[in-house]
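Input: a single structure, listed below in structure tokens.
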Amino acid sequence: MTVYPADDTCPRCGGPADPAALQGTGTLWTWTVQRYAPKSPPYQVPPGGFEPFALGYVELAEGVRVAAVLDVDDLDEIRIGMPLSVTAGPGVPRARPTPLSEEGS
């Protein structure tokens, strides 16, 4: 089982969990576009107003699928199987298209 953010215990059995480093690159498994602002609360409208955004599952090289916000310039260019790089940080992981020079490295 894989959890994010990482935890010292297994959410299923409560036993100890071992951290595992993941490569962070993979391919888009599936995706959708959020075109409507979520209901409030807890959603807070950002200063510039709501902008549609994409969410997807990225299948990493290790076989783990990670839910991530897709940081793309054009929502119409998203394709299943496109190479992505995933980064973790505060909140939901984020994925960006992998530059052609980094594919297969």
Check your understanding: Considering only residues of the range 1-27 that are part of a strand (DSSP E or B) and touching a residue at least 60 places away in the same chain (Cβ under 8 Å), which is surrounded by the fewest Cβ atoms within 10 Å (Cβ to Cβ)?
Key -> T25
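Of everything in the range 69-84, what is in contact with a Lys or Arg (Cβ under 6 Å, 6 or more places away or on another chain) and of a type outside the set (D, E, K, R)? Give them in sequence order.
If we filter the range 69-84 for residues that are in contact with a Lys or Arg (Cβ under 6 Å, 6 or more places away or on another chain), which is where we start, we get 69, 71.
V69, the sole residue that qualifies.
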Exercise for review: State the number of residues belonging to the range 10-33 that are polar (S, T, N, Q), at pLDDT 90 or above and within 21 Å of G89 (Cα to Cα).
Suggested key: 2
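Kindly indicate which of V58, V33, V45 is in contact (Cβ under 8 Å) with a residue 24 or more places away in the chain and out of contact with any helix residue (DSSP H, G or I) (no Cβ under 6 Å at 6 or more places or on another chain).
Details: V33 fails: out of contact with any helix residue (DSSP H, G or I) (no Cβ under 6 Å at 6 or more places or on another chain); V45 fails: in contact (Cβ under 8 Å) with a residue 24 or more places away in the chain.
Going through V58, V33, V45 in turn, the sole match is V58.
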Check your understanding: Is there a residue in the range 30-48 that is surrounded by 11 or more Cβ atoms within 10 Å (Cβ to Cβ), of a type in the set (V, I, T) and within 14 Å of V86 (Cα to Cα)?
Key -> no
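For the range 61-78, how many residues are of a type in the set (D, E, K, R) and either touching a helix residue (DSSP H, G or I) at 6+ places or on another chain (Cβ under 6 Å) or more than 26 Å from V3 (Cβ to Cβ) (or both)?
Result for the range 61-78: 4.
The values are calculated or read from the model by the stated rules, or taken from the named source; none is laboratory data. Predicted model, so just to flag it, every value in this text is computed and none were measured. Here Cβ is always computed from backbone atoms with ideal geometry, including for glycine, and neighbour counts include all displayed protein chains.
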